[in-house]
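This report concerns only the one structure given below.
Computed from the coordinates by the stated procedures, all read-outs in this text should not be read as laboratory data. Worth saying up front: this structure is predicted, and the values here are computed from it rather than measured. In this analysis, Cβ positions are derived from the backbone assuming ideal geometry, glycine residues included, and neighbour counts consider all displayed protein chains.
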């Protein structure tokens, strides 16, 4: 179905990107998504601070939100924990099989879909007192996120959108492009 949709948009089924060659949701996307979620690292530069956020991808959620590791300590077999873990698993199935890992981002943007459930599990896993190790993980997450927040990017959002639209129009037959451009205008 995805190939037909791509063919209707661009005139050829293989056009848009190789990452979509298996469709928008496919099992071959899992290793790529898994790498972005759990093992992606920042880029290196020769000057201080020797690392920089990547334009596409970014640091793993283990660096940006390392406190979520305490969610694994929430093992009480009650309906709350069972429901929260089931939600995390059910949400991650389509997220990990989605062909696109996200555009310009810091960290993994699709992980935000499970953050509410991981946050609740983390609170339960931390218990009554926050240990010094947990405080260190919180501090690491704050430092990493503050480091990545004010970063200038080489391309702004408007430029990315404009480039995507131009690339899309470059692969459409000229008559179809003209019809589609005028389709949204009121007569």
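Which FRET efficiency value, to the nearest 0.05, is calculated for residue 22 and residue 92 with the Förster distance at 25 angstrom and r the Cβ-Cβ distance?
0.85
Taking the beta-carbon count within 10 Å as an exposure proxy, list 115, 108, 98 from fewest neighbours to most. Mind dumping the intermediate values first?
Details: 115 14, 108 22, 98 19.
The most exposed by this proxy come first: 115, 98, 108.
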### Query
Going by how many other Cβ atoms sit within 10 Å of their own, how do 95, 123 line up, fewest first?
123, 95
### Query
What spacing in nm lies between the two simple spin-label points modelled at residue 32 and residue 143, each 7 Å away from Cα in the Cβ direction?
3.3 nm
### Message
Cut-off is 10 Å between beta-carbons; in what order do 118, 140 appear when sorted fewest neighbours first?
### Response
140, 118
### Query
How much length, in nm to one decimal, is gained on full extension between residue 79 and residue 47, taken as 0.36 nm per residue of separation minus their Cα-Cα distance?
6.4 nm
